Amino acid sequence: MTYQFDFAWLATYWPVFLDGVLMTVRLIVIGGIAGLLLGTFCAWARSLGPVWLRPPVIAYVELIRNTPFLIQLFFIFFGLPAAGFRLTEVEAATLAMVINLGAYSAEIIRAGIEATPKGQFEAGASLALSPVQTFRHVVLVPALQRIWPALASQVVIVMLGSAVVSQIAVEDLTYAANFAQSRTFRAFEAYFVSTAIYLALAILLRFALLQAGRMIFPHAGAAR
Amino acid sequence: MTQFTLIDILRNLIFATQWTVILSLVSFAGGGLLGLVLLFMRIGKARLLPPVVKLYVEIFQGTPLLMQLFLAFFGLGLFGIDVPPWLAAAVALILWTAAFLAEIWRGCVEAVAKGQWEASASLGMSYLEQMRHVILPQALKVAIPPTVGFSVQVVKGTALTSIIGFTELSKAGTVLTNATFQPFTVYGLVALIYFALCFPLSQAARHLERKMNAAHRH
């Protein structure tokens with residue numbers, strides 16, 4: 001192999017990568033929070049919600065979990081405008097991430113809810129809490145605490161999956177690499193740099209989420 | 001200009017689906033073999049190998065599959081080979097699948113009770129004999145449901161190969177959209193075909209898991 005690696009172009013192009021990182025972070029923060037809210041709602045609807053709500057939620061979860069994110073993204077960005085629903089690139093990417101994370105986290109959170117001992121519900125009722133109050137205070141928090149590591153992994157997976165939003169021209173980290181390689185013809189180096197940044201982001205995000213879990217659920221071990 | 005009817009679109013998509021299926025099978029088979037090698041390196045006695053495999057898994061699970069595809073595509077090119085998209089796609093997907101399967105299977109091996117190792121050691125079995133007769137048969141039973149479940153990720157993962165120019169179902173969807181200007185119909189159908197491929201696999205995984213849990217309870 002006689003190829004000479006060259007990273008000198010980074011001196012010129014690092015601001016593009018910085019902008020890309022900021023976009024990727026922005027997408028996962030908004031998509032992550034909204035996605036987890038949607039997932040919590042769907043988990044509630046599937047395990048404790050009204051019976052009529054269950055079939056549509058099951059259909060949504062199964063449809064999303066069994067199709068590629070790329071196609072979900074294309075359907076939202078290219079397909080929905082044909083049906084009169086037009087979104088910008090960033091809006092479409094965010095919506096796709098919310099819908100995707102919503103379906104996956106719904107299954108994870110549901111597993112946490114269903115592992116709740118029946119006595120917890122009865123204890124909540126005996127304290128004269130309404131079903132919603134019981135869910136909010138007695139069921140959901142311990143359930144989330146139980147499955148928090150799995151949830152954190154899923155958020156990281158969605159962040160890594162967001163690399164494909166560059167395909168609808170969202171200027172994320174992958175877009176930065178595409179841009180740099182098209183100008184410098186240093187394709188391998190450009191993708192190597194973005195891959196390394198993704199790895200760092202994944203490690204940081206996971207760490208941040210686990211730390212956040214410790215802060216949100218301070219009574220570690222209290223609920224099991 | 002030729003007009004595409006719904007039947008034409010569907011026929012073209014189904015024709016392209018065969019490449020999705022072939023690439024999925026190649027990735028899964030190749031990834032399974034490499035994953036097995038990684039598994040043995042990971043749980044073996046050699047001191048140096050387990051951290052190497054751990055790093056390998058960490059890197060492949062901690063970076064986007066799309067980046068791995070790009071790096072395979074342009075990285076193989078550095079050796080002066082003209083890299084066809086199918087080759088880069090297969091190489092990246094095999095390496096990616098192997099990382100995940102090795103990690104899944106490691107969990108399964110570790111789920112085998114420690115006493116089983118001790119019991120088989122006390123019978124004078126060598127490491128390979130322990131593996132062959134005691135550990136792997138038990139680990140295999142635990143491994144089947146998550147392995148089938150992961151195959152869904154492999155099928156979905158093949159969609160990304162369209163980005164480096166491999167013509168499979170997703171790429172056919174893009175090409176047909178450009179030809180027909182009917183993105184809603186085309187991507188809707190593409191999604192339904194992926195669903196038809198993946199849903200039976202996820203249902204099978206769920207069914208196997210339930211069956212195994214039932215066996216455990218008795």
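Restricting segment B:170-216 to residues that are under 26 Å from A:Ile76 (Cβ atoms) and in contact with a Gly (Cβ under 6 Å, 6 or more places away or on another chain) leaves a set whose member that is farthest from the other protein chains (Cβ to nearest Cβ) is B:Val186.
Is segment B:126-142 home to any residue that is more than 14 Å from chain A (Cβ to nearest Cβ), touching a residue at least 40 places away in the same chain (Cβ under 8 Å) and under 17 Å from the mean Cα position of the chain (by Cα)? For segment B:126-142, residues more than 14 Å from chain A (Cβ to nearest Cβ), touching a residue at least 40 places away in the same chain (Cβ under 8 Å) and under 17 Å from the mean Cα position of the chain (by Cα): absent. Anything in segment B:143-161 that is within 12 Å of chain A (Cβ to nearest Cβ) and open to solvent by 10 Å² or more (accessible area, probe 1.4 Å)? List them, or say none. Of everything in segment B:143-161, those that are within 12 Å of chain A (Cβ to nearest Cβ) and open to solvent by 10 Å² or more (accessible area, probe 1.4 Å) turn out to be B:Gly149, B:Ser151, B:Gln153, B:Val155, B:Lys156, B:Leu160.
For B:Thr167, the test of being within 14 Å of chain A (Cβ to nearest Cβ) and not hydrophobic (A, V, I, L, M, F, W, C) is failed. Condition check: among the hydrophobic types (A, V, I, L, M, F, W, C) and buried (at least 18 other Cβ atoms within 10 Å of the Cβ). Does B:Ala172 satisfy that? Here the answer is yes, as B:Ala172 does meet what is asked.
Within the span defined as segment A:91-114, one or more residues are open to solvent by 60 Å² or more (accessible area, probe 1.4 Å) and more than 25 Å from B:Gln203 (Cβ to Cβ).
Each residue in segment A:124-138 was checked for being open to solvent by 90 Å² or more (accessible area, probe 1.4 Å) and free of Cβ contacts under 8 Å to residues at least 40 places away in the same chain, and 5 of them qualify.
Number of residues in segment A:177-189 that are within 12 Å of chain B (Cβ to nearest Cβ) and either free of Cβ contacts under 8 Å to residues at least 24 places away in the same chain or in contact with a Gly (Cβ under 6 Å, 6 or more places away or on another chain) (or both): the value is 5. Applying the criterion of being more than 13 Å from chain A (Cβ to nearest Cβ) and not in a helix (DSSP H, G or I) to the residues of segment B:63-97, the residue that is farthest from B:Val152 (Cα to Cα) is B:Asp82. Cβ separations smaller than 8 Å between residues 6+ apart or across chains give the following pairs from segment B:1-21 residues that are touching a residue at least 40 places away in the same chain (Cβ under 8 Å) and under 13 Å from B:Leu176 (Cα atoms) to residues that are of a type in the set (D, E, K, R) and surrounded by 12 or more Cβ atoms within 10 Å (Cβ to Cβ): B:Ala16/B:Glu168; B:Ala16/B:Lys171. Scanning segment A:37-59 for residues that are open to solvent by 50 Å² or more (accessible area, probe 1.4 Å), over 18 Å from A:Glu91 (Cα atoms), assigned to a helix (DSSP H, G or I) and not charged (D, E, K, R) gives A:Phe41, A:Trp44, A:Val51, A:Trp52, A:Pro55, A:Pro56, A:Ile58, A:Ala59.
Applying a threshold of 6 Å to beta carbon distances and a minimum spacing of six or more residues, or different chains, the list of pairs starting in segment B:169-195 at a residue that is among the basic types (Lys, Arg) and ending at one that is modelled with pLDDT of 95 or more and assigned to a helix (DSSP H, G or I) reads B:Lys171/B:Ser162. Output the residues belonging to segment B:38-51 that are part of a helix (DSSP H, G or I) and either surrounded by 13 or more Cβ atoms within 10 Å (Cβ to Cβ) or in contact (Cβ under 8 Å) with a residue 60 or more places away in the chain (or both). The answer is B:Leu38, B:Leu39, B:Phe40, B:Met41, B:Arg42, B:Ile43, B:Leu49, B:Pro50. Taking the condition in a loop (DSSP other than H, G, I, E, B) and either of a type in the set (Val, Ile, Thr) or more than 14 Å from chain B (Cβ to nearest Cβ) (or both), does A:Thr134 pass? Answer is no for this residue. Only one of the listed residues (A:Gly35, A:Gly20) is among the small types (Gly, Ala, Ser), within 14 Å of chain B (Cβ to nearest Cβ), touching a Ser or Thr at 6+ places or on another chain (Cβ under 8 Å) and closer than 21 Å to A:Val164 by Cβ. That residue is A:Gly20. No other residue among A:Arg86, A:Arg54, A:Arg65 is more than 14 Å from chain B (Cβ to nearest Cβ) and either in contact with a Pro (Cβ under 9 Å, 6 or more places away or on another chain) or basic (Lys, Arg) (or both) apart from A:Arg54. Under the condition of being without any contact (Cβ under 8 Å) to a residue 12 or more places away in the chain and closer than 15 Å to A:Gln154 by Cα, the residues counted in segment B:59-75 number 3. Among residues of segment A:195-206 that are within 8 Å of another protein chain (Cβ to nearest Cβ), none has a beta-carbon under 6 Å from a residue that is among the aliphatic types (A, V, I, L, M) and surrounded by fewer than 20 Cβ atoms within 10 Å (Cβ to Cβ) at least six positions away or on a different chain. Can you say whether A:Val170 is farther than 25 Å from A:Glu107 by Cα and among the β-branched types (Val, Ile, Thr), as far as the supplied structure shows? Judged against the criteria, A:Val170 is a match.
Scanning segment A:68-83 for residues that are in a helix (DSSP H, G or I) and more than 26 Å from B:Cys198 (Cα to Cα), we see that the one that is farthest from the other protein chains (Cβ to nearest Cβ) is A:Pro81.
Residues considered: A:Leu129, A:Leu144. Of these, the only one that is within 26 Å of A:Ala96 (Cα to Cα), more than 10 Å from chain B (Cβ to nearest Cβ) and not acidic (Asp, Glu) is A:Leu144.
Could you say whether any residue in segment A:150-166 is over 17 Å from the mean Cα position of the chain (by Cα) and either open to solvent by less than 30 Å² (accessible area, probe 1.4 Å) or on the phi > 0 side of the Ramachandran plot (or both)? No, that holds for no residue.
The values are calculated or read from the model by the stated rules, or taken from the named source; none is laboratory data. Just so you know, these numbers come straight off a predicted model, no measurement behind them. For neighbour counting, all protein chains shown are included, and Cβ atoms are generated from backbone atoms with ideal geometry for every residue, glycine included. Note: areas computed on protein heavy atoms with side chains; ligands, DNA, RNA excluded. Shrake-Rupley method; radii C 1.70, N 1.55, O 1.52, S 1.80 Å.
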